[in-house]
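These notes are about the structure you will find just below.
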Amino acid sequence: MADYRRNYVPGGTYFFTVVTAGRRPILTTDRGRECLREAIDEIKAKSPFTLFALVLLPDHLHSVWMLPRGDADYSTRWRQVKEKFTRKYLVRGGSEAVVSLSRQKKKERGVWQRRFWEHTARDEEDLKRCVDYLHWNPRKHNVAARVQDWPWSTFHRFVEEGEYDLNWGGTDPCPNYDTPEWNDE
């Protein structure tokens with residue numbers, strides 16, 4: 001089994017990638033978006049954090065969260081978001097992927113992949129790279145011809161705030177995403 005080590009920085013800013021089980025395209029459906037919005041809102045009400053940036057793709061999402069001063073418990077928040085989403089999604093008629101024997105033994109459902117990927121933003125430049133990558137993702141996965149065409153993203157909020165020009169994203173802003181210096185050690 002792999003040795004997963006999380007980086008917990010109280011009050012930190014984190015970039016996350018969360019993937020559906022079997023990469024099923026459920027997140028951009030009306031049901032998926034509604035259940036995710038409700039789940040995140042409920043968890044934020046109990047355990048506050050700032051949802052700084054977000055993009056939904058059919059089978060995964062990327063987000064940047066800023067945790068309150070002294071708080072580094074993003075793992076519990078993600079577990080709770082996934083649990084709430086799963087309950088809501090299945091009750092409203094959503095289906096799940098085939099559940100392996102291993103997952104059955106742990107009483108896990110077939111809606112999300114088990115884990116998530118986390119990267120701690122080290123500074124403002126790193127945060128910008130994370131947010132650029134997040135907003136560029138619909139182009140990377142060929143689900144939108146232009147960044148501005150993808151409706152399930154915080155891109156338009158960033159445009160309104162003057163962080164991006166509406167036509168931003170004509171070229172890949174993060175061509176070295178897969179290089180070791182961008183990924184955690």
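The values are calculated or read from the model by the stated rules, or taken from the named source; none is laboratory data. If you're wondering where the values come from, they're calculated on a predicted model, not measured in any experiment. Cβ sites come from the backbone with ideal geometry, for glycine too, and all protein chains shown count toward neighbours.
Any chance the range 119-128 includes a residue that's part of a strand (DSSP E or B) and either touching a strand residue (DSSP E or B) at 6+ places or on another chain (Cβ under 9 Å) or among the basic types (Lys, Arg) (or both)? Yes, because at least one residue in the range 119-128 is part of a strand (DSSP E or B) and either touching a strand residue (DSSP E or B) at 6+ places or on another chain (Cβ under 9 Å) or among the basic types (Lys, Arg) (or both).
Scanning the range 91-130 for residues that are of a type in the set (A, V, I, L, M), in contact with a Lys or Arg (Cβ under 9 Å, 6 or more places away or on another chain) and over 12 Å from Ala21 (Cβ atoms) gives a single hit, Ala121. Of the listed requirements (1) in a loop (DSSP other than H, G, I, E, B); (2) within 15 Å of the chain's Cα centre (by Cα), Gly169 misses just one: (2). Scan the range 147-164 for residues that are farther than 15 Å from Phe52 by Cβ and either buried (at least 18 other Cβ atoms within 10 Å of the Cβ) or at pLDDT below 95 (or both) and the total you get is 4. Answer yes or no as to whether Thr13 is hydroxyl-bearing (Ser, Thr, Tyr) and either without any contact (Cβ under 8 Å) to a residue 60 or more places away in the chain or under 21 Å from Pro138 (Cα atoms) (or both). So Thr13 does not fit the description; no. Among all residues of the range 82-94, there is at least one that is in a loop (DSSP other than H, G, I, E, B), more than 24 Å from Ala144 (Cα to Cα) and of a type in the set (Lys, Arg). Anything in the range 70-106 that is farther than 15 Å from Arg31 by Cα, of a type in the set (Gly, Ala, Ser) and touching a residue at least 24 places away in the same chain (Cβ under 8 Å)? List them, or say none. Across the range 70-106, the qualifying residues are Gly70, Ala72, Ser75, Ala97. When Arg92, Arg114 are checked against the criterion of being of a type outside the set (S, T, N, Q), loosely packed, with under 14 Cβ neighbours inside 10 Å and within 15 Å of the chain's Cα centre (by Cα), a single residue qualifies: Arg114.
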